[in-house]
Amino acid sequence: MLAAQRREWLLARLARDGRLVAKDVAHELAVSEDSVRRDLRDLAAAGLCQRVYGGALPASPAVADYAARTRLATDSKDRVARRAVQLVPPGSTVVLDGGTTTLAVARALPPDLVCTVVTHSPTIAAALVEHPSVDVFVLGGRLFKHSAVTCGAATAEAAQRVSADLFLLGVTGVHPDRGLTTGDPDEAAVKRLLAGRSAETWVLASSEKVGAVSPHAVLPLDAVAGVVTDTVDEGAVRELEGRGVRVLRAE
């Protein structure tokens with residue numbers, strides 16, 4: 001089998017099984033583990049998988065830049081958003097994370113809902129300009145253009161002053177073994193800070209994020225109240241629930 005054929009085989013097996021173990025793949029293909037590891041390095045460099053110790057897991061397509069993500073799984077994000085707004089009690093203070101799924105939440109908030117929204121996303125703040133009864137507080141800092149959010153020391157300092165009832169957290173990967181992940185370490189740090197300043201954190205996971213992994217850990221699954229998702233992957237849902245994660249289905 002040529003190297004290119006082997007990589008196609010690896011991608012097909014990863015799509016089927018949701019994970020690759022280098023030792024097992026090497027035995028099945030009768031090649032060295034070093035050859036498999038080189039293949040996985042190449043696939044990871046192309047953004048086609050996420051390397052982990054001993055093998056690989058599916059890479060999240062949600063690590064693309066902001067403009068590309070606005071066109072990704074829009075119906076799925078709208079379904080998740082409609083379910084997520086039901087978690088926002090009237091009169092509460094809610095932190096909306098940056099991202100295209102939370103932007104859909106901002107747009108889905110009922111027009112008569114009275115609440116306070118805290119966000120480090122200028123796009124979410126702008127989406128709420130015309131909402132008549134939502135007070136909006138924006139956390140300042142350096143703009144990370146890839147995700148259209150503020151990050152860095154100024155954002156972290158501002159986040160320390162937040163006290164919220166609910167944090168709606170956006171991530172790029174939700175995996176039963178690897179937990180909650182995202183593509184940038186500074187973003188991950190801000191997300192952890194905001195979760196720590198909120199009484200309850202719910203993860204928003206459109207279908208393409210469930211079972212996927214990104215390079216930087218945000219939180220373990222047991223650190224959040226649950227996951228809102230519209231995934232149809234019942235096996236992934238069972239794995240999450242088997243780890244004690246509450247899953248809210250979005251339709």
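The values are calculated or read from the model by the stated rules, or taken from the named source; none is laboratory data. In this text, all values refer to a predicted model and were calculated from it rather than measured experimentally. Note that we place each Cβ from the backbone using ideal geometry, even for glycine, and neighbour counts take in every protein chain shown. For the accessible areas, the whole protein counts, side chains as well, though only heavy atoms, and no ligand, DNA or RNA atoms are used. Shrake-Rupley method; radii C 1.70, N 1.55, O 1.52, S 1.80 Å.
Send over a whole-number figure in Å² for the accessible area per residue of the chain, probe 1.4 Å.
Here the residues of the chain average 47 Å² of exposed surface.
Between LEU143 and ASP24, what is the label-to-label distance in nm when each label sits 7 Å out along the Cα-to-Cβ direction?
So the label points at LEU143 and ASP24 sit 4.7 nm apart.
Would you mind checking which residues have amide H under 5 Å from LEU139's amide H? H placed 1.01 Å from N; only 5 or more apart, or other chain.
Correct list: THR119, HIS120, SER121.
Return the sequence-ordered ³J(HN,Hα) values of the range 208-225 in whole Hz as given by the Karplus equation 6.51 cos²θ - 1.76 cosθ + 1.60 applied to θ = phi - 60°, using x for Gly and Pro.
Each residue's phi maps through the Karplus curve to give 6, 8, 6, x, 9, 9, 10, x, 10, 6, 9, 8, x, 5, 6, 8, 10, 6 Hz.
Given the options GLY183, GLY141, GLY170, state which has the largest fluctuation in a GNM of the chain using a 10 Å cut-off (strictly under) for Cα springs.
Sorting by GNM fluctuation, first place goes to GLY141.
Among VAL227, VAL129, VAL237, determine the one that fluctuates most according to a GNM of the chain built with springs between C-alpha atoms less than 10 Å apart.
Largest GNM mean-square fluctuation: VAL129.
If you work out P(r) over Cα pairs in 10 Å bins from 0, in percent from the coordinates, which of [x] 7, 31, 33, 18, 8, 2, 0; [y] 7, 27, 24, 18, 12, 7, 3, 0; [z] 7, 33, 40, 18, 2 do you get?
Recomputing P(r) over Cα pairs in 10 Å bins from 0, in percent here gives the entry labelled [x].
Amide H neighbours of PHE167 under 5 Å, counting only residues 5+ apart in sequence or on other chains, H built in-plane at 1.01 Å?
VAL95, GLU200, THR201, TRP202
Share of the chain's accessible area from carbon and sulfur, percent, 1.4 Å?
Carbon and sulfur together cover 50 percent of it.
Sorted by accessible area with a 1.4 angstrom probe, largest first, how do VAL52, VAL138 fall?
In descending accessible area the options line up as VAL138, VAL52.
How much accessible surface area, in Å² rounded to 10, belongs to the heavy atoms of ARG246 with a 1.4 Å probe?
Accessible area, nearest 10 Å²: 140 Å².
Need one number: % antiparallel among DSSP beta bridges in the chain, to the nearest 5.
Among the beta bridges of the chain, antiparallel pairing accounts for roughly 35 percent.
So how exposed is HIS216, as accessible area in Å² (1.4 Å probe, rounded to 10)?
60 Å²
Residues with amide H under 5 Å of VAL227's amide H, sequence separation 5 or more or different chain, H placed in the peptide plane at 1.01 Å from N; which?
HN-HN under 5 Å from VAL227: VAL203, ARG246, VAL247, LEU248.
Which ³J(HN,Hα) values, rounded to whole Hz and listed in residue order, are derived for the range 185-201 from phi using the Karplus coefficients 6.51, -1.76 and 1.60 in 6.51 cos²θ - 1.76 cosθ + 1.60 with θ = phi - 60°, glycine and proline given as x?
Calculated HN-Hα couplings, in order: x, 5, 4, 4, 5, 5, 4, 5, 4, 5, 5, x, 9, 10, 5, 8, 10 Hz.
Tell me what the chain gives for mean residue ellipticity at 222 nm when only DSSP H runs of n ≥ 4 count, each as -39,500 (n - 2.57), the sum divided by the residue total, rounded to 500 deg cm²/dmol.
The helix contribution divided over the chain gives -10500 deg cm²/dmol.
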